[in-house]
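Accompanying notes for the structure given below.
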Amino acid sequence: MTEELLEKFDFLNQLDKDERRQLLSSAMYREVPAGTIMINEKMTCIGVTFVLSGEFKVYKVSESGREIALYSVHSGETCVMTISCLLGFNQSLSPVSAVAVQDSRIAVIPADKFKYIYAASPYVQQFVFKNISEKFYNIIDLVERLTFKSVTERLREYLIENTGSGRKPLYSTHAQLAAKLGTSREVVTRRLHELVLEGMIRTQRGKIVVIDPAVSNK
């Protein structure tokens with residue numbers, strides 16, 4: 001998988017030979033089945049995960065057990081929360097949880113090796129800053145939607161976006177939608193029922209079909 005790591009993370013090819021050799025020789029490769037919890041908020045950050053293929057959901061769980069999805073990590077990306085945890089002062093426990101949404105392949109760079117190369121290489125620093133910037137704006141967008149838009153508005157937008165305006169069905173449980181939208185399963189169930197009555201969607205078990213996207217603008 002070394003060639004795939006170099007292909008998906010092009011900045012590694014810009015490292016000098018010794019830095020690249022150290023990083024590649026320390027990489028641990030894993031196949032991660034969908035549904036695998038990679039890390040939770042009680043675990044220590046032991047390394048930086050580079051996603052070669054698949055997708056991970058990074059989320060936060062409240063004391064009451066309610067979950068909210070923060071952002072996704074795809075092929076060619078890494079979890080910036082983990083990096084922040086590793087590079088922060090007196091921070092060892094992960095501030096978030098992460099689960100594999102799809103069957104995935106990853107490379108894990110041990111914390112000590114990543115810290116050493118990060119301190120020495122501007123290319124690694126640029127990659128980290130770019131990822132942090134992208135996810136930072138994702139979280140700002142999430143906060144804006146949670147603060148300024150109703151659950152119904154967020155649900156309508158999510159359904160339109162994730163069904164291609166009705167061109168394909170959305171396979172999701174009410175609990176999964178609730179985590180995406182930052183609300184409870186019961187609220188999502190009520191709002192979906194309202195959209196069914198309005199004629200925007202049709203629902204089946206674990207499946208939602210958008211019938212009339214224009215309803216979202218009424």
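Derivation of every value follows stated rules applied to the coordinates shown; laboratory data play no part. Since the structure is predicted, the reported quantities are computational estimates derived from the model, not experimental observations. Heads up, the Cβs are rebuilt from the backbone with ideal geometry, glycines too, and the neighbour counts pull from every protein chain shown.
Points to keep in mind about this one:
- Other-chain or far-sequence residues with amide H under 5 Å of residue 172's (modelled H): 207, 208
- Under 18 Å from residue 42, Cα to Cα: aspartates and glutamates that are on another chain or at least 8 residues apart: 63, 67
- Net charge of Cβ neighbours under 12 Å - reference residue 158; Lys, Arg +1; Asp, Glu -1: +3
- The distance linking segment 106-155 with segment 4-69 is 12 Å (Cα centroid to Cα centroid, whole angstrom).
- Dipole magnitude for segment 81-150: computed about the Cα centre from +1 point charges on Lys and Arg Cβ and -1 point charges on Asp and Glu Cβ, it is near 40 debye.
- Using a Förster distance of 45 Å, the FRET efficiency for residue 184-residue 31 (Cβ separation, nearest 0.05): 0.85
- With each label modelled as a point 7 angstrom along the Cα→C-beta vector, the residue 150-residue 24 pair spans 5.7 nm.
- Mean-square fluctuations from a GNM of the chain, with a 10 angstrom spring cutoff on Cα atoms, peak among 64, 84, 97 at 64.
- Value at 222 nm in deg cm²/dmol, rounded to 500, when DSSP H runs of n ≥ 4 in the chain each add -39,500 (n - 2.57): -13500 deg cm²/dmol
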